[in-house]
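Working notes, structure below.
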Amino acid sequence: MYNFRKIEEKWQNYWKEHETFKAEDDFSKKKFYGLVEFPYPSGSGMHVGHIKAYSGLEVIARKRRMEGYNVLFPIGFDAFGLPTENYAIKTNIHPRIVTDNNIKNFTNQLKRVGFSFDYERVIDTTDENYYKWTQWIFLKLFEHGLAFRDKTLVNYCPSCKVVLSNEDSQGGKCDICHSDVIQKEKDVWYLRITEYAEKLLEGLKDVDYLPKIKLQQENWIGKSTGAFVNFEIEGINDKLKIYTTRPDTLFGVTFMVIAPEHPLIDKNKDIIENMDEIYKYREVASKKTEFERIELVKDKTGVLIKGIKAINPVNGKSVPIYTSDYVMMGYGTGAIMAVPAHDGRDYDFAKKFNIDIIPVIKNPSDDTLPYVGDGVMINSDFLDGINNKKDAIKKMIEFLKEKGIGEAATQYKMKDWAFNRQRYWGEPIPIVHCKHCGNVAVPYEELPLKLPKIDNFAPGTDGESPLAKIDSFVNCKCPKCGRDAKRETDTMPQWAGSSWYYLRYIDPHNDKELASMDKLKYWLPVDWYNGGMEHVTRHVIYSRFWHHFLYDIGVVPTKEPYSKRTAQGLILGPDGDKMSKSKGNVVDPNEVVDVYGADVLRTYVLFMGDYALDCPWNDNAIKGVSRFLDKVYNLKDKLNDKEGYTKELEVIINKTIKKVSEDYESMKYNTGISELMKLVNSYMDINSITKDDYMILIKLLHPVAPHITEELNEILGNTKLVENSSWPKYDDSKVVDDVIVIAVQVNGKVRDTIKVRTDENKEVVENEAMSANNVKKHLEGKEIVKVIVVPNKIVNIVVK
RNA sequence: GCCUGAGUGGCGGAAUAGGUAGACGCACAGGACUUAAAAUCCUGCGAGAUUCAACCCUCGUGUCGGUUCAAGUCCGACCUUAGGCACCA
């Protein structure tokens with residue numbers, strides 16, 4: 001085995017000394033900005049999953065350097081967050097110290113693997129020079145009315161007196177003390193991301209994201225089109241506004257449903273006859289946890305509101321109004337028109353409460369209801385006989401508009417972004433609450449608003465942040481009127497720092513602005529962003545939102561932050577399960593580097609399977625990769641420049657360059673590496689190889705296994721790094737063999753193979769095929785119906 | 001329930017403008033080298049039938065149908081599995 005320890009240490013030191021991977025702000029050069037998701041520096045150190053995630057773009061970054069690009073390939077740390085805070089609570093060690101140690105540990109590990117990051121540009125979201133600008137962006141959002149305070153219901157544990165996330169309160173029980181979680185009303189900060197829903201959706205058209213990534217974002221944004229329709233309330237001067245995506249089915253409305261919290265109820269509590277019953281229902285519904293709501297999907301509950309009725313504006317029919325928790329206040333108008341014949345949920349409800357069901361679209365196959373498909377309108381007056389989707393929707397919307405009872409409308413599922421946590425280890429929200437002036441922004445020149453040093457990180461009582469206990473932090477003067485005021489004590493969520501970090505890499509030490517426009521203009525957009533599928537909705541959408549906003553206020557020069565986004569698959573444990581400490585199937589990258597070296601680890605994580613798919617770790621398979629690199633190294637003993645190579649080898653080499661180049665670009669690293677293995681096998685089969693041929697292998701392998709290739713390059717007497725050399729080119733005329741083997745089928749079954757010249761004319765090929773030994777046998781006594789010759793591919797003889 | 005992927009040897013996985021299924025690697029078996037082992041090198045390796053042996057033959061890419069000279073690949077219906085969304089009107 002080659003001495004990887006010595007070689008890898010040597011080259012890592014060399015790269016560090018010579019700043020080999022430093023990105024230059026030289027605007028005359030063509031640039032490539034490759035981005036990987038920066039890690040959360042957890043106490044348990046790096047995971048092999050990190051190695052896989054970074055190795056993908058590492059290959060591209062190194063290839064780009066060889067192609068002459070000025071490459072920015074940065075790394076940093078997303079270091080605010082709960083695990084560190086919880087660890088601090090347990091051990092009473094300050095999160096700052098914990099974070100610094102973890103970052104040190106991560107950095108050492110990253111360097112041991114030899115990633116070509118520019119360590120001059122490392123950022124840490126918990127650094128006050130960084131979060132100063134996170135706070136700055138928040139203030140800009142606040143200034144533009146996109147950050148606001150509103151009441152919401154949060155999961156609250158009355159025993160621990162803390163606000164819990166959904167994850168920490170599963171099944172309605174507090175994760176820590178197992179008592180019942182209640183829903184508590186609280187004032188929280190929101191970012192108005194819904195304002196950008198359309199722009200975020202629209203922007204997807206201009207970027208190159210994997211189709212499944214675009215789809216997930218589209219679903220997350222959840223645009224739907226339909227109409228608002230106003231229903232009169234019988235006898236009183238009031239209206240019920242509903243949202244529907246199916247205005248075509250208006251004639252099929254047999255009842256209305258409103259959310260339990262709908263204001264119509266309280267507004268009319270004097271005429272409603274069964275308020276007691278409704279109050280009771282409302283209370284039960286509000287206590288239902290998320291979990292129960294999902295479980296009880298099929299069992300519809302609700303209460304008929306007695307005393308008020310709605311009038312269907314298209315036919316004047318009087319219909320009952322129910323309240324049910326299957327309609328939610330947070331979407332549309334919190335009220336729906338129910339068409340049980342053509343909606344599954346309305347149908348279930350109607351069956352349970354014995355309500356009329358009137359079909360308005362003919363089910364083309366049978367009369368089964370509910371029928372949610374398209375078809376011809378029936379029982380619908382002026383819509384009868386036309387197709388619902390093609391014509392009825394349009395016609396109905398025109399009708400609604402003309403009569404002034406409704407209009408076309410668009411809705412989004414996406415909700416505003418709840419932007420605060422009651423925790424210590426996060427960016428302080430730079431707002432002061434003043435009795436006289438309300439919520440007042442901390443002046444820009446006072447940023448960063450530093451996180452005060454405290455000793456007790458446990459959450460405050462009554463669901464408050466630990467910061468609420470620090471009087472010297474809380475008590476302050478109102479920046480506007482100068483009177484006594486109190487600071488906001490909540491901190492920002494972990495998503496904040498990661499929403500703009502790619503901008504800071506571009507100009508990490510700037511203390512005047514978050515990044516200079518000149519540099520942003522040169523480096524943006526990120527050319528290629530790779531990361532996990534789990535961040536495709538939240539993180540990527542949040543950062544796109546911030547970027548769009550920053551574009552609108554003239555801080556960044558592009559609309560979209562990332563022009564391309566890909567995602568890698570997980571590395572599963574050797575048992576095929578997701579790696580987790582509790583299962584004991586976690587592979588430590590350090591141990592692999594100790595035994596096999598960094599180059600083997602890097603090569604293996606890329607070779608183990610399709611980069612985009614999940615794949616189990618296999619302790620044995622890594623040996624094959626180790627053998628491969630040994631062979632590459634040992635080939636140096638076969639060097640002999642005198643001997644010229646054969647035509648056959650020339651084709652193999654050209655084909656390899658082509659295939660490897662293409663495979664790297666499409667992240668098919670596994671087949672790219674297998675191609676290199678084949679090339680090595682070809683080299684092994686001959687007596688000696690030339691330096692030129694060896695260099696091709698070294699260069700193609702370099703992005704994957706850079707230490708061994710730099711070493712071999714030096715052994716070959718080159719003074720220029722492989723990293724600074726050029727990517728091999730192939731000759732298009734030399735990627736095809738002169739003679740190829742093609743299969744001959746009889747009735748679709750392969751019976752023999754023949755050797756023919758490439759692009760040989762059809763007649764010759766046909767004759768060859770007919771006279772192949774085993775083919776003749778199958779043709780005996782049969783009548784030839786047809787002969788199909790596909791050039792350079794196959795011959796198929798059809799017989800009877 | 002809806003939306004996405006994925007189902008191919010003992011294992012990880014190759015091969016899709018339809019054209020020799022199983023590249024490459026692992027594991028395994030036999031051989032060479034060695035006092036021996038490790039390492040390395042060579043050979044074999046989907047299943048079955050047949051044969052002294054080879055050729056040859058049959059079957060085979062989750063299931064069932066279909067289109068085609070030809071289907072892992074296209075179409076229809078389903079099954080399993082992973083992930084995402086979830087009473088979104």
Exercise. Out of all the residues in the stretch A:460-475, which are surrounded by fewer than 16 Cβ atoms within 10 Å (Cβ to Cβ) and touching an Asp or Glu at 6+ places or on another chain (Cβ under 8 Å)?
Worked result: A:475
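Quick grid of which residues meet (1) in a loop (DSSP other than H, G, I, E, B); (2) at pLDDT below 95:
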| site | (1), (2) |
| --- | --- |
| A:503 | no, no |
| A:508 | yes, no |
| A:520 | no, no |
| A:534 | no, yes |
| A:548 | no, no |
| A:551 | no, no |
| A:554 | yes, no |
| A:560 | yes, no |
Problem set entry | Extreme residue, most open to solvent (accessible area, probe 1.4 Å), among residues of the stretch A:319-356 that are within 11 Å of RNA strand B (Cβ to nearest atom) and among the polar types (S, T, N, Q) | A:333
Problem set entry | Matching residues in the stretch A:369-414 - criterion: being among the small types (Gly, Ala, Ser) and within 16 Å of RNA strand B (Cβ to nearest atom) | A:373, A:392, A:406, A:408, A:409
Seminar exercise, completed: Picked from the stretch A:673-699 (must be in contact with a helix residue (DSSP H, G or I) (Cβ under 7 Å, 6 or more places away or on another chain), within 18 Å of residue A:63 (Cα to Cα) and of a type in the set (A, V, I, L, M, F, W, C)), the residue surrounded by the fewest Cβ atoms within 10 Å (Cβ to Cβ) is A:696
Exercise. Can you tell me how many residues in the stretch A:480-521 are open to solvent by less than 60 Å² (accessible area, probe 1.4 Å) and touching a residue at least 12 places away in the same chain (Cβ under 8 Å)?
Worked result: 27
For this session: Restricting attention to the stretch A:356-397, report how many residues are closer than 10 Å to residue A:342 by Cα and among the aliphatic types (A, V, I, L, M).
Result: 6
For this session: For residue A:648, work out the one condition from (1) open to solvent by 40 Å² or more (accessible area, probe 1.4 Å); (2) within 7 Å of RNA strand B (Cβ to nearest atom); (3) at pLDDT below 95 it doesn't fulfil.
Result: (2)
Seminar exercise, completed: Note on the stretch A:92-137: residues of a type in the set (Asp, Glu) and more than 23 Å from residue A:542 (Cβ to Cβ) are A:100, A:118, A:120
For this session: Could you check residue A:763 against (1) exposed (fewer than 15 other Cβ atoms within 10 Å of the Cβ); (2) modelled with pLDDT of 90 or more and say which number it fails?
Result: (2)
For this session: Considering every residue within the stretch A:601-618, establish whether at least one is farther than 25 Å from residue A:533 by Cβ, surrounded by fewer than 22 Cβ atoms within 10 Å (Cβ to Cβ) and either of a type in the set (Phe, Trp, Tyr) or modelled with pLDDT under 95 (or both).
Result: no
Exercise. Within the stretch A:576-597, restricting attention to residues that are outside any loop (DSSP other than H, G, I, E, B) and more than 14 Å from RNA strand B (Cβ to nearest atom), which residue is surrounded by the fewest Cβ atoms within 10 Å (Cβ to Cβ)?
Worked result: A:582
Problem set entry | Which numbered condition residue A:708 fails, given (1) in contact with a Gly (Cβ under 9 Å, 6 or more places away or on another chain); (2) in a strand (DSSP E or B) | (2)
For this session: Give the residues of the stretch A:305-318 that are open to solvent by less than 60 Å² (accessible area, probe 1.4 Å) and either assigned to a strand (DSSP E or B) or within 16 Å of residue A:242 (Cα to Cα) (or both), sorted by residue number.
Result: A:305, A:307, A:308, A:310, A:311, A:312, A:313, A:314, A:318
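Let me confirm something: among A:653, A:696, A:686, A:657, which residue is of a type outside the set (Lys, Arg), in contact with an Asp or Glu (Cβ under 8 Å, 6 or more places away or on another chain) and more than 10 Å from RNA strand B (Cβ to nearest atom)?
Details: A:696 fails: in contact with an Asp or Glu (Cβ under 8 Å, 6 or more places away or on another chain); A:686 fails: in contact with an Asp or Glu (Cβ under 8 Å, 6 or more places away or on another chain); A:657 fails: in contact with an Asp or Glu (Cβ under 8 Å, 6 or more places away or on another chain).
Result of the check over A:653, A:696, A:686, A:657: A:653.
Looking at the stretch A:274-286, can you tell me whether even one residue there is in a loop (DSSP other than H, G, I, E, B), within 15 Å of RNA strand B (Cβ to nearest atom) and either at pLDDT below 90 or open to solvent by less than 20 Å² (accessible area, probe 1.4 Å) (or both)?
no
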Seminar exercise, completed: Considering residues that are under 23 Å from the mean Cα position of the chain (by Cα) and either free of Cβ contacts under 8 Å to residues at least 24 places away in the same chain or open to solvent by 30 Å² or more (accessible area, probe 1.4 Å) (or both), the number found within the stretch A:549-567 is 4
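Looking at the stretch A:735-753 only, could you name the residues that are touching a residue at least 40 places away in the same chain (Cβ under 8 Å), surrounded by 11 or more Cβ atoms within 10 Å (Cβ to Cβ) and over 46 Å from the mean Cα position of the chain (by Cα)? So that I can check it myself, show each step before the final result.
Just the residues of the stretch A:735-753 that are touching a residue at least 40 places away in the same chain (Cβ under 8 Å), to begin with: A:735-738, A:740, A:742-748.
Still in the list and also surrounded by 11 or more Cβ atoms within 10 Å (Cβ to Cβ): A:735-737, A:740, A:742-747.
The answer is A:744, A:745, A:746, A:747.
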Exercise. Out of (1) in contact (Cβ under 8 Å) with a residue 40 or more places away in the chain; (2) charged (D, E, K, R); (3) within 16 Å of RNA strand B (Cβ to nearest atom), what's the single condition that is false for residue A:427?
Worked result: (3)
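For (1) out of contact with any strand residue (DSSP E or B) (no Cβ under 8 Å at 6 or more places or on another chain); (2) surrounded by fewer than 17 Cβ atoms within 10 Å (Cβ to Cβ), each residue gets a yes or a no:
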site: A:8; (1), (2): yes, no
site: A:14; (1), (2): yes, yes
site: A:23; (1), (2): no, no
site: A:30; (1), (2): no, yes
site: A:39; (1), (2): no, no
site: A:60; (1), (2): no, no
site: A:79; (1), (2): no, no
site: A:84; (1), (2): yes, no
Exercise. Taking the condition among the basic types (Lys, Arg), assigned to a helix (DSSP H, G or I) and free of Cβ contacts under 8 Å to residues at least 12 places away in the same chain, does residue A:52 pass?
Worked result: no
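Say we look at the stretch A:400-425 and pick out the residues that are part of a strand (DSSP E or B) and not small (Gly, Ala, Ser); which of these is nearest to residue A:186 (Cα to Cα)? Can you show your working first?
Taking the stretch A:400-425 and keeping what is part of a strand (DSSP E or B), we get A:406-412, A:417-418, A:421.
Right, trim to not small (Gly, Ala, Ser) and you get A:407, A:410-412, A:417, A:421.
Numbers: A:407: 35, A:410: 29, A:411: 26, A:412: 24, A:417: 15, A:421: 12 Å.
Applying the filter and picking the extreme gives A:421.
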Problem set entry | Tally of residues being touching a Gly at 6+ places or on another chain (Cβ under 8 Å) and either among the small types (Gly, Ala, Ser) or open to solvent by less than 60 Å² (accessible area, probe 1.4 Å) (or both) across the stretch A:364-377 | 2
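Quick check, is residue A:543 farther than 16 Å from residue A:205 by Cα and under 20 Å from the mean Cα position of the chain (by Cα)? Let's see the steps before the verdict.
Working: farther than 16 Å from residue A:205 by Cα: yes; under 20 Å from the mean Cα position of the chain (by Cα): yes.
Answer is yes for this residue.
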Exercise. Is it the case that residue A:2 is of a type in the set (Phe, Trp, Tyr) and modelled with pLDDT under 95?
Worked result: yes
For this session: Working only within the stretch A:197-253, note down all residues that are acidic (Asp, Glu), closer than 24 Å to residue A:612 by Cβ and either crowded, with 16+ Cβ neighbours inside 10 Å or in contact with a helix residue (DSSP H, G or I) (Cβ under 9 Å, 6 or more places away or on another chain) (or both).
Result: A:218
Exercise. Looking at (1) open to solvent by less than 10 Å² (accessible area, probe 1.4 Å); (2) more than 30 Å from residue A:328 (Cβ to Cβ), can you tell me which one residue A:444 breaks?
Worked result: (1)
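The values are calculated or read from the model by the stated rules, or taken from the named source; none is laboratory data. Values in this document were obtained by computation on a predicted structure and should not be read as measured data. Note: ideal-geometry Cβ built from the backbone for every residue, glycine included; neighbour counts use all protein chains shown. These area figures cover heavy atoms from the full protein model, side chains too; ligands, DNA and RNA do not enter into them. Shrake-Rupley method; radii C 1.70, N 1.55, O 1.52, S 1.80 Å.
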